């Protein structure tokens, strides 16, 4: 009886998961393959898929199956599956369909307005629709929070069981050390950048090679070009995208390695979990820990930079840099800049803290969306020491808020913190790591991550996966120690 | 009240159509982009989409809405939409879900067995599963026929209201004239073929140019490579594929023009019909009429061949042929061969007649599937005058029967017949056509087809579209006259 109910629920869920994969691939297609003239029709197609998925997630039979099973003796895998399905069912049922539809409608408009406003550096043109988005998301957050903290409820969507209070404590530990380091580093002479000619085809060929070096499985994936790099899909069809900049080949290489980290997480999940709720990365923070550790702790290490230096000389000839040490400094340059996505390891988390505080204030009603630009610019100057010249370099730089992603930004920093913990544990388990990385061998490191983190998919809760992998409760210490040691070395502090 | 019911039905249908487009794009992805290792998961995704679509097509509300509307006074467009929805609803409800699932299961297995058997030239390895497919399709046909003729019911799936008796009469008129022409042509010396070097990139570039020449709208489509060329999608996202053969550039060029014909039909439909039952080509026969007239009556005309001759010389240099007349003969070579998809205009329909008679006999129970190879070889030798050396050149050459497509083959010939009628009418309406084609201008001809045929989508019944476009009831006469005149000219008969 229990078994029949469980089978019925999991069969139904498998179809839902398969449909979610289809919807995800439709988004991939939209960013990579879709002809321009198909945008309107694609909107209808996406809406139809969303409506099918929403109907399945709120299907009353799911509630009945869950009630029939909860309290039963279940193995840990089945119990974890049920936990995810319950979460998704409750979430979908808490938000009134009318509100969900209104959010979908308004955010699709506001994304367009954001893009236009950014192109014109005109925050005022974006402010009214941002106010609408904030109001709707607050309403949704209140429905999800059920009397609890609204921002925590939003956060829970991306990082289950994380709270703003914990993030506050974490950022409180990080802020002074990162600001001090930033000041010391920027007082030093700036390292040399690479120069030369970096044709697109050659960049793409080398980035594909790097993807292979980091263990990306091309039998179950592919790489295409897109305006913004992303990873998409789970199970045996996990695709990534990259982009090229003729003047800056690192943009292509490190975007690729970053997305390979995301993709290897998905590809590394136990195949038995495919098309179940355990068959995806467990949270945004844990996902970002994989992309970050591939990109930074491994990919931007002194040892791996040496390997990449050789590869680039082979492919591009003279790149204006003549020693591995100078090359290592070039891939880790710290510069005065405004853009989060291009920030180095020292400054990245400072960008996040700013967003975290401002979005919390908007959600709490302490900051009117119309006042965002002023608040952003004031805070930026306080944190970074120089003024934001225009909105596209300030509060209009990120798409997130325009599409209603509140509570998402801090998971980037959480990913960095998790990556710091994983890196500390991994280093102590693999004493010969640098010799391997210097030869372009990542197998032991990525194998360690697959075994400790990736293969579990959604089996454990986010913090539990990291804690068990590292043998310690996650905290910002290891990340801060690593960043300080690394950049003190590079900048001779 | 009528209006509310109609809106409810059409809104529901719009979502169904959008989901059908998504399922179609998933198939496109499978043939063009999907990583190899994703095949199993893709099977689950396709099955989930099919199950969603089947549930919508048989949704009892559709039946209620239809009953509430039938008998009402409706404008012709709404009436045509209702006619299509009724057809689809009745069809989906006539076939028991268990039988439909069994057909899906068996044909997915049998396609694999067919491919393996073809690779081994081993009909016996395919015969048992073919027998299963035939049995299941007969059961389905009987359910659809509702006491009527089973083969006609199958045919109706691809060509509404066409009957085997009519096709019999049509083929009876065609067979003697085509066989006589074939014999006369093959008694003449064989024209020279092109020779030279035809790099893939250059073939693809010229084929894209040809697509543009025939009016394919790249803003609402794209061209990719695939093993078998096809066209996919409706509305504002209609994609085609092509392939290259280093020794035979015509394969790429004429496959492309053929698929462009299919795609322009879809792209040419009145945009008001998008995501309604009128928003697709109305039948396989009418679809094939467009691909064939683009490929043959226009693309393989003396005038257009002259244009292509210049293009090819420009791109490839010396192609071993030095006059437009010899080039025209080369693109229209008639050769002793075995393969339908590579057949010329003279022999193509003879290949179809053979398949039509054999599949009817299997469906009627007059030919046991196990006896197919013998029957095929006997008939082929009778029609073509030489023996089939192995099954991959005979009864295993086409995928159709392995996936349960019975009643599909004759629509290819019907498309040729319709193309013949359209071509006759189009020639008489456009006296300067050859001058235009010689300059690579197809706009007036394709505009005529768009206006007379393509834009109507599913508004009229198949035969009605053709009859109104041509001002006469369709028949084989114009096609036969055209083929005889053309090949008598080329072969100096």
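Let me confirm something: among B:37, B:68, which residue is surrounded by 14 or more Cβ atoms within 10 Å (Cβ to Cβ), at the interface with chain A (Cβ under 7 Å from one of its Cβ atoms), farther than 18 Å from residue A:12 by Cβ and touching a helix residue (DSSP H, G or I) at 6+ places or on another chain (Cβ under 7 Å)?
B:37
Within the bounds of segment B:82-99, is there any residue that is outside any helix (DSSP H, G or I), free of Cβ contacts under 8 Å to residues at least 40 places away in the same chain and out of contact with any helix residue (DSSP H, G or I) (no Cβ under 8 Å at 6 or more places or on another chain)?
no
Condition first: part of a loop (DSSP other than H, G, I, E, B) and surrounded by fewer than 18 Cβ atoms within 10 Å (Cβ to Cβ). Now tell me which residues in segment B:399-423 satisfy that.
Passing the criteria: only B:399.
Residues checked against (1) closer than 28 Å to residue A:146 by Cβ; (2) surrounded by 14 or more Cβ atoms within 10 Å (Cβ to Cβ); (3) outside the structural domain of residue A:392 (by TED's automatic domain parsing); (4) touching a residue at least 40 places away in the same chain (Cβ under 8 Å):
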residue: A:76; (1), (2), (3), (4): yes, no, yes, yes
residue: A:79; (1), (2), (3), (4): yes, yes, yes, no
residue: A:110; (1), (2), (3), (4): yes, yes, no, yes
residue: A:126; (1), (2), (3), (4): no, yes, no, yes
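Is there a residue in segment B:168-184 that is outside any helix (DSSP H, G or I) and either in contact (Cβ under 8 Å) with a residue 60 or more places away in the chain or surrounded by fewer than 16 Cβ atoms within 10 Å (Cβ to Cβ) (or both)?
no
Please list, ordered by first then second residue, the pairs with beta carbon atoms under 6 Å, 6 or more apart or interchain, first in segment B:335-349 and under 15 Å from residue B:183 (Cβ atoms), second part of a loop (DSSP other than H, G, I, E, B).
Once the first residue is under 15 Å from residue B:183 (Cβ atoms) and sits in segment B:335-349, its partners that are part of a loop (DSSP other than H, G, I, E, B) give B:344/B:334; B:346/B:334.
Would you mind stating whether residue A:240 is assigned by TED's automatic domain parsing to the domain that holds residue A:315, in contact with a helix residue (DSSP H, G or I) (Cβ under 8 Å, 6 or more places away or on another chain), closer than 17 Å to residue A:462 by Cα and buried (at least 24 other Cβ atoms within 10 Å of the Cβ)?
no
Do you know which of the residues in segment B:302-351 that are modelled with pLDDT under 95 and within 19 Å of the chain's Cα centre (by Cα) is farthest from residue B:228 (Cα to Cα)?
Here the residue is B:342.
Failed condition for residue B:15, given (1) free of Cβ contacts under 8 Å to residues at least 24 places away in the same chain; (2) facing chain A (nearest Cβ under 8 Å); (3) surrounded by fewer than 21 Cβ atoms within 10 Å (Cβ to Cβ), with all others met?
Evaluating residue B:15 over (1) free of Cβ contacts under 8 Å to residues at least 24 places away in the same chain; (2) facing chain A (nearest Cβ under 8 Å); (3) surrounded by fewer than 21 Cβ atoms within 10 Å (Cβ to Cβ) leaves (1) as the failure.
Taking residue B:332 as the residue in question, decide whether it is within 21 Å of residue B:189 (Cα to Cα), touching a residue at least 40 places away in the same chain (Cβ under 8 Å) and surrounded by 18 or more Cβ atoms within 10 Å (Cβ to Cβ).
Here the answer is yes, as residue B:332 does meet what is asked.
Residues of segment B:213-230 being over 17 Å from residue B:34 (Cα atoms) and within 14 Å of chain A (Cβ to nearest Cβ), which ones?
Answer for segment B:213-230, where residues must be over 17 Å from residue B:34 (Cα atoms) and within 14 Å of chain A (Cβ to nearest Cβ): B:216, B:217, B:218, B:219, B:220, B:221.
Can you confirm whether residue A:126 is in a loop (DSSP other than H, G, I, E, B) and at pLDDT 95 or above?
no
Of all the residues that make up segment B:44-65, how many are within 10 Å of chain A (Cβ to nearest Cβ) and surrounded by fewer than 14 Cβ atoms within 10 Å (Cβ to Cβ)?
Result for segment B:44-65: 1.
When only residues in segment A:384-398 that are over 21 Å from residue A:229 (Cα atoms) and assigned to a helix (DSSP H, G or I) count, which is modelled with the highest pLDDT?
A:391
Determine, yes or no, whether residue A:105 is away from chain B (no Cβ under 14 Å), without any contact (Cβ under 8 Å) to a residue 24 or more places away in the chain and either in contact with a strand residue (DSSP E or B) (Cβ under 7 Å, 6 or more places away or on another chain) or closer than 28 Å to residue B:49 by Cβ (or both).
When the stated conditions are applied, residue A:105 passes them.
Checking the structure you have, find out if any residue of segment B:200-208 is closer than 20 Å to residue A:36 by Cα and in a loop (DSSP other than H, G, I, E, B).
No: segment B:200-208 contains no residue that is closer than 20 Å to residue A:36 by Cα and in a loop (DSSP other than H, G, I, E, B).
Being assigned to a helix (DSSP H, G or I) and more than 10 Å from chain A (Cβ to nearest Cβ): is that true of residue B:21 here?
The answer is no for residue B:21.
Quick check on my filter: what residues within segment A:24-34 are assigned to a helix (DSSP H, G or I), in contact with a helix residue (DSSP H, G or I) (Cβ under 7 Å, 6 or more places away or on another chain) and either without any contact (Cβ under 8 Å) to a residue 12 or more places away in the chain or surrounded by fewer than 17 Cβ atoms within 10 Å (Cβ to Cβ) (or both)?
A:29, A:30
Applying the selection to segment A:439-455, what residues are in a helix (DSSP H, G or I) and crowded, with 23+ Cβ neighbours inside 10 Å?
Listed by number, the residues that qualify are A:445, A:446, A:449, A:454.
When you scan segment B:257-274, do you find a residue that is touching a strand residue (DSSP E or B) at 6+ places or on another chain (Cβ under 6 Å), farther than 11 Å from residue B:207 by Cβ, away from chain A (no Cβ under 12 Å) and at pLDDT 95 or above, even just one?
yes
The values are calculated or read from the model by the stated rules, or taken from the named source; none is laboratory data. In this text the structure is predicted, and so the values were computed from the model without any measurement. When we count neighbours, we look across all protein chains shown, and the Cβ atoms used for this are built from the backbone with ideal geometry, even at glycine.
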